[in-house]
1. Any chance you could count how many residues in the stretch 168-199 are polar (S, T, N, Q) and surrounded by fewer than 18 Cβ atoms within 10 Å (Cβ to Cβ)?
2. Please pick out the residue among Ala192, Ala227 that is farther than 30 Å from Ala55 by Cα, assigned to a loop (DSSP other than H, G, I, E, B), out of contact with any Lys or Arg (no Cβ under 7 Å at 6 or more places or on another chain) and among the small types (Gly, Ala, Ser).
3. Taking the stretch 95-150 as the region of interest, how many residues are under 29 Å from Ser212 (Cβ atoms) and charged (D, E, K, R)?
4. Which of the residues belonging to the stretch 138-175 are in contact with a Pro (Cβ under 6 Å, 6 or more places away or on another chain) and assigned to a loop (DSSP other than H, G, I, E, B)?
5. Could you check how many residues of the stretch 80-134 are part of a loop (DSSP other than H, G, I, E, B), in contact (Cβ under 8 Å) with a residue 12 or more places away in the chain and either under 24 Å from Gly229 (Cβ atoms) or charged (D, E, K, R) (or both)?
6. Give me the residue from the stretch 239-267 that is over 9 Å from the mean Cα position of the chain (by Cα), assigned to a helix (DSSP H, G or I) and β-branched (Val, Ile, Thr) and, out of that set, surrounded by the fewest Cβ atoms within 10 Å (Cβ to Cβ).
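Nothing in this text is a laboratory measurement; each read-out follows from the coordinates by a stated rule. Bear in mind the structure is a predicted one, so any value in this text is a computation, not a measurement. Ideal geometry is used to build each Cβ from the backbone, glycine not excepted, and the neighbour counts take in all protein chains shown.
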Amino acid sequence: MRRLCMLLLTFVLLVSCVPPEKTSASSVQSSGDAKSSTPDSSGSSSQISAPSPPATWTAPALTVFIGNSLTSSTGEIGACASDSEHDYFYLVSQFLRKYNPGAQTHRMNFSIWEGKTTSRNRQACWNNIEADVDPAADLVIIQLADNVNTDAKKATFEKDGIQLVSNIRKRCPNAQILWVAAWYPAKGNMEAVANICDKTGAVLVDISDLGSVKENQGKIGMQRQGANGSAWLVKTKGEASHPGDVGMGIIATRIEQAIGTLTFKKV
């Protein structure tokens, strides 16, 4: 009996010395890696940066952005960035200057084109801005589709988009073209933009999954400051539904990823 008790005591001691099973590090990391952005201790979000292009990569010397309110709106900044250093235009411009300190970037609001319902009127819109598009551009970024939101506007959207790319190529014969779409992806528009890119050789930057994520949007009550010195609070759901700083950062990252796959001549 005494011997049996000693054996039981020895077994208990051996079991108590076995170390506890370790938590799998890969399962913890995978849950965090799946997100485009993760909140830090202050409650803000940190963005995942675009992978760096090869060391021999040359950034474009002159980039023209042709878009809607996400590109340029109230205060001469993209809606709904908090200030001029947090919209996607600024972030992409800084990315380009990292690889080409002399890189120039220009932007224009061309949402009037989205709002037209005939090919003739959209062509007239292009005719009005053509002189403002620098023919020396080696990259043109189109960010249009969000306001093509009625059947009448959609009727010739694909056809007119193809013509717009053709117009840009004639004006800027050395430019590569990206088409960024869409923060507000109305039914059928992403298919139309994909077809435009397939038929013209433009590169599609798909952001259609971002706008419905609350964290990516602006917020009612947030303070905004324009590049022109103006300042205001966001008061409407419409303005707040545009990309805030988080959304702008993700848009910029996707554009940078696309640009990094292109080849530009050294100047």
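1. Here is the first cut: in the stretch 168-199, the residues polar (S, T, N, Q) are 174, 176, 189, 195.
After this cut, where a residue has to be surrounded by fewer than 18 Cβ atoms within 10 Å (Cβ to Cβ) as well, the list is 174, 195.
Residues meeting the conditions: 2.
2. Exactly one of Ala192, Ala227 is farther than 30 Å from Ala55 by Cα, assigned to a loop (DSSP other than H, G, I, E, B), out of contact with any Lys or Arg (no Cβ under 7 Å at 6 or more places or on another chain) and among the small types (Gly, Ala, Ser), namely Ala227.
3. Within the stretch 95-150, residues that are under 29 Å from Ser212 (Cβ atoms) and charged (D, E, K, R) number 5.
4. Asp138, Cys172
5. We begin by selecting, within the stretch 80-134, every residue part of a loop (DSSP other than H, G, I, E, B); these are 80-87, 100-103, 110, 115-118, 133-134.
Now narrow it down to the ones that are in contact (Cβ under 8 Å) with a residue 12 or more places away in the chain: 80-84, 86-87, 100, 102-103, 110, 115-118, 133-134.
Cutting the leftovers down to either under 24 Å from Gly229 (Cβ atoms) or charged (D, E, K, R) (or both) gives us 80-84, 86-87, 116, 134.
The total comes to 9.
6. Within the stretch 239-267, the match that is surrounded by the fewest Cβ atoms within 10 Å (Cβ to Cβ) is Val246.
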